[in-house]
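These notes are about the structure you will find just below.
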Amino acid sequence: MKASPFTILYLGSNSPASTSRHRADALRRLGCEVTVVDPERLIGLRRRWQAFFDYHTGYRFLQRRLLQALKAVVGISGLSADLIWVDSGEIYGPSVLQWISSNFDCPIILYNIDDPLGTRDGRRFQSLKASMSRYSLCVFVRQETALEALALGSRRVLTVHRSYDENVHLHNHFTAQQAPDPVVSFTGTLIPGESRDQFLAALIRAGLPLRLIGNRWQRSSLWPLLQTIFEGPGCTGTAYSQALRDAAVSLGFLSHQNRDLVTTRSFETPACGGLFCAERTSEHQLLYEDGWEAVFWDSVEDCILQCNKLLSNPELRHKICITGSQHVREIGAGNEDICRQILASL
C-alpha cells in the first residue's frame, strides 16, 4: 500500500457538528485529499416515520435507493480514490459494498465508534453486520466488538481509542483568571434504560450545584425536578468544548447497554481542559490516575462525596485539569493520532 497522503473517498456525515466530519478534517490535516459523500445526500429527505422505519429495519429497504444515488454521484463527479473510508457504515448493505469494491481497486475501511454487535439499538446495524466481510479492515473502539466481527467474517480488525479532535477540543491555555463555574455539569443525552435522570436527581437532592445541557430530558418522568438545573439543548463545536471546560466538575456517564467502559467524553473533557469525573471502570483506571488526572466514583453516594471534595478545593481541581490535559495528549488519542494509526495499518 502506498504511503500517505491518500486520495480518500469518505462516506460519512459532513455536518460540521459531527465527529465524522472531525475525522475527515483530521485526514486532511495529515495531507490526504478527502472527498466526502454524506449519506444524507444519498438518502435524500425523509419524513420522521420513514427515518424511524429505516432505523428499526436496519436500512435494508434503502439499499436500491442508496446504490442508485451512489452510482449517480460517482458517475457525475468522476470520483477516484486509492482508499475508501466508510464512517459508521450502518446504512450500507452487501450490494452497495459489492458495487464499491468492483468499481474501486483499493482498500475499503469501516470505522465504527458504536457497538454494532451489541443489543442496545435493536436491528439498526443489520445491514452493517451483513457487510462486514466486504471490508478490507474494520476499525472499532471495543475489543469485544472486534472479536465478534471476526466471528462474523471480517477479514481484518483493528481496535483504537475513542478520540478528541485537535482543532475542536484541544485547550492550550490555563489561566487563573478564567476560573470555572462552581457547578457539577453534565452535557449529554437522556438514554432510555440508563437511569441517568435518576442519578442526577439524587445529586440534586444531595444539594450539589448542578447544570444539565442536552437533548431528550423532557421525556424523563423526573423532568419537573431536572428542569430546575436544565440550561438548554445539546451543543456542538466551540460551545460544547466550552461547556466541558467551564464547569468545576464535568460528569461522564457510560452507556451500559452499549457495553461502554469509556466514552468519547473520557477523552474530550481532559482535552478541553475540564475535570473529568466518571464511573470507575477497568479502562478508565488504565487511562488515568484517579485523583491526579481524573476522578472516579463507584456509586451515586461516592459521586456526591467526590464532587463535594472537588468543589471545596479549587487548587486540586486546577491540578487535575492540567495533568489530565497533558496526559490525554501523551497517550495519542487525538483524531490525527487515530487516523495516522489506521492509515499505517494498511
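The values are calculated or read from the model by the stated rules, or taken from the named source; none is laboratory data. Quantities reported herein were computed from a predicted structural model and do not represent experimental measurements. FYI the Cβ positions are ideal-geometry reconstructions off the backbone, even for glycines, and counts take in every protein chain you see. All accessible areas refer to the heavy atoms of the entire protein, side chains included, with ligands and DNA or RNA removed. Shrake-Rupley method; radii C 1.70, N 1.55, O 1.52, S 1.80 Å.
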Show the residue pairs meeting these rules: Cβ distance below 7 Å; 6+ apart or different chains; first residue within region 50-61 and touching a residue at least 60 places away in the same chain (Cβ under 8 Å); second residue open to solvent by less than 40 Å² (accessible area, probe 1.4 Å) and of a type in the set (D, E, K, R). 55/124; 58/124; 59/90
Collect the residues in region 141-169 that are under 22 Å from residue 23 (Cα atoms), among the hydrophobic types (A, V, I, L, M, F, W, C) and either open to solvent by 10 Å² or more (accessible area, probe 1.4 Å) or within 15 Å of the chain's Cα centre (by Cα) (or both), keeping them in residue-number order. 141, 157, 158, 160, 168
Identity of the residue in region 9-22, within 20 Å of residue 70 (Cβ to Cβ) and out of contact with any Lys or Arg (no Cβ under 9 Å at 6 or more places or on another chain), that ends up surrounded by the fewest Cβ atoms within 10 Å (Cβ to Cβ): 18
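So that you can scan it fast, the table gives a plain yes or no per residue for (1) touching a residue at least 40 places away in the same chain (Cβ under 8 Å); (2) outside any strand (DSSP E or B); (3) touching a strand residue (DSSP E or B) at 6+ places or on another chain (Cβ under 9 Å):
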| residue | (1), (2), (3) |
| --- | --- |
| 89 | yes, yes, yes |
| 92 | yes, yes, yes |
| 97 | no, yes, yes |
| 106 | no, yes, yes |
| 110 | no, no, yes |
| 118 | yes, yes, no |
| 124 | yes, yes, no |
| 166 | yes, yes, yes |
| 183 | yes, no, yes |
Which residue is most open to solvent (accessible area, probe 1.4 Å), if the candidates are limited to region 202-220 and must be farther than 12 Å from residue 304 by Cβ and not in a loop (DSSP other than H, G, I, E, B)? 219
Can you name the residue in region 222-239 that is free of Cβ contacts under 8 Å to residues at least 60 places away in the same chain and assigned to a helix (DSSP H, G or I) and is also nearest to residue 184 (Cα to Cα) among such residues? 226
Residue 42 fails exactly one of (1) within 21 Å of the chain's Cα centre (by Cα); (2) closer than 24 Å to residue 130 by Cα; (3) open to solvent by less than 20 Å² (accessible area, probe 1.4 Å), namely (1)
Looking at region 75-86, which of its residues are in contact (Cβ under 8 Å) with a residue 24 or more places away in the chain, open to solvent by 20 Å² or more (accessible area, probe 1.4 Å) and not in a loop (DSSP other than H, G, I, E, B)? 77
